[in-house]
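Below is one structure; the comments refer to it alone.
FYI, it's all coordinate maths here, none of it is from the lab. Here the structure is a predicted model, which means the values were calculated and not measured. Virtual Cβ from ideal backbone geometry, glycine too; neighbours counted across all protein chains shown.
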Amino acid sequence: MRAPEIMHSTEEERRQYIKDTFKCIADCDMCGLCIVFRGKDPELAYADYISGEREFFDVSEDYK
């Protein structure tokens, strides 16, 4: 599923997309999300996207 576009989604839809896409599986050795987001919760890492300030792919570029 593609990230909802800011212009065509609500804040709650974007928040749910982040929750569904970046689920913590409580096994950091297998997952790696904590490393990718430098210890931040994905909702915090994507706060600008969720609030509608920046597109999903722009925020993702910060974590490459």
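Residues in the range 24-64 that are exposed (fewer than 11 other Cβ atoms within 10 Å of the Cβ) and charged (D, E, K, R) were compared, and the one that is farthest from Ser9 (Cα to Cα) is Asp29.
Sub-8 Å Cβ pairs linking a first residue in the range 2-14 that is β-branched (Val, Ile, Thr) to a second residue that is outside any loop (DSSP other than H, G, I, E, B), at least 6 apart or interchain, are Ile6/Arg14; Ile6/Tyr49, ordered by first then second residue.
Within the range 44-64, the residues that satisfy the criterion of being under 19 Å from Met1 (Cβ atoms) and part of a helix (DSSP H, G or I) are Ala45, Tyr49, Ile50, Phe56, Phe57, Asp58, Val59, Ser60.
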